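J.: Sharing a structure with you now.
Laboratory data are not the source of any read-out in this text; all were calculated from the coordinates shown. Fair warning: this is a prediction, and the values are worked out from it, not measured in the lab. Positions of Cβ are generated from backbone atoms using ideal geometry, with glycine treated the same way; all protein chains shown enter the neighbour counts.
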């Protein structure tokens, strides 16, 4: 039986972002406040450009060489909304929280990923609640109570990739040059199952938006919609095989303007595992999105997969 529909209060009091603890892992991390960003890592490249908003709300996180193993890594693209607060917290803490959950002995990777997303969501909301209580009676306009973030992440371990997402950041695999989507957007315009879930919880969807407010049904943060907007990710596991070339992870600033196969074709055109070439492909994809009228922030990360594949066992000849 459906719950009675609830309409949230119109009062939204944002709060200021806050400093976060420095990661103890070997983590590559940037909270870009500039208009454009380029990052070259050992197995990945990233290009990002700010859209029409006053501040950049896209971010990313990378944890390299987990437990000293070069074949283990974490990669994420984060797309914030309602300010930078949630994006900054997720980019800085999601990878750390997943890796810490993986430290629990024989914990399955999928279980660790779900725990990492949950801990990150609760950690951000606890800080939002604390600061909200402290500042509730102040008159200042601050940033954060309505802040949330979409995230797409990949954990590489034991020759497998574990792909997770909340929101509409997307992960695409190039398999011998053919685009294979590894995530499904949590957009209410396309997800009837998510619409039904929200309505079953007593919420409502108006103009393809949760409570008439948010276009995505899963995210980290969004305190004012937390009863309906969940942080539980959808997860896919795949073996990294020789025909798996690279991943393209990007925010919706790319995917709203550039097709998945088109993006794979652009990277494949010059792909040779060379980071300089990968960077040019990332930049071209970002430029292509803006040339087609994109006004949102756009972030593109390309990850080479060959280095994460388990070595083939030797063939024994009698």
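J.: Within a 10 angstrom radius of the beta carbon, how do 45, 207, 244, 307 rank from fewest other beta carbons to most?
T.: Final ranking by Cβ density, sparse to dense: 207, 307, 244, 45.
J.: In whole percent, what relative contact order does region 63-126 give with Cα contacts below 8 Å and a gap of six or more residues?
T.: Normalised by residue count, the contact order of region 63-126 is 25 percent.
J.: Sticking with this structure for a sec: Using label points projected 7 Å from each Cα along Cα→Cβ, tell me how many nm separate residue 197 and residue 158, to one decimal.
T.: For residue 197 paired with residue 158, the spin-label model returns 2.6 nm.
J.: Could you grab the relative contact order for region 55-97? Cα pairs under 8 Å, six or more apart, rounded to a whole percent.
T.: It comes to 42 percent, rounded to a whole number.
J.: Oh, and also: Can you sort 218, 191, 197, 52 so the residue with the fewest Cβ neighbours within 10 Å comes first?
T.: So the ranking, lowest neighbour count to highest, is 52, 197, 191, 218.
J.: At a threshold of 8 angstrom on Cα-Cα distance, excluding pairs fewer than six apart, so keeping six or more, what relative contact order does region 184-244 reach in percent?
T.: Relative contact order here is 25 percent.
J.: Using only alpha carbons, build the gyration tensor for region 188-305 and give me the equivalent ellipsoid semi-axes, biggest first, whole Å.
T.: Equivalent ellipsoid of region 188-305: 33, 18, 11 Å, largest first.
J.: Next question. Would you kindly state how much longer the chain becomes between residue 272 and residue 69 on full extension, computed as 0.36 nm times their sequence separation minus their alpha carbon distance, in nm to one decimal?
T.: On the way: separation 203, 0.36 × 203 = 73.08 nm, distance 2.35 nm.
Value of the extension gain: 70.7 nm.
J.: While we're looking at this one, here's another question. Once the mean 1/r over all distinct Cα pairs of region 152-198 is inverted, what Kirkwood radius in angstroms do you read off?
T.: For region 152-198, the Kirkwood estimate is 12.2 Å.
J.: On average over all directions, what projected area in square nanometres does region 174-253 have, based on the convex hull of its Cα atoms?
T.: Average of the hull's projected areas for region 174-253 equals 6.4 nm².
J.: Another one. What Rg and what Dmax come out for region 256-311 when only alpha-carbon atoms are used, in angstroms?
T.: Answer for region 256-311, Rg first and Dmax second: 12.5, 44 Å.
J.: If we count other beta carbons within 10 Å of each Cβ, what is the order of 260, 280, 234, fewest first?
T.: Listing 260, 280, 234 from fewest to most nearby Cβ atoms yields 234, 280, 260.
J.: If a paramagnetic tag sat 7 Å from the Cα of residue 227 along the Cα-Cβ line, which residues of region 195-209 would have the backbone N under 16 Å from that point?
T.: Zone members listed by number: 197-206.
J.: Still on this structure: Going 7 Å from the Cα of residue 55 toward and past its Cβ, which residues in region 66-99 have a backbone nitrogen under 20 Å from where you end up?
T.: 77-94
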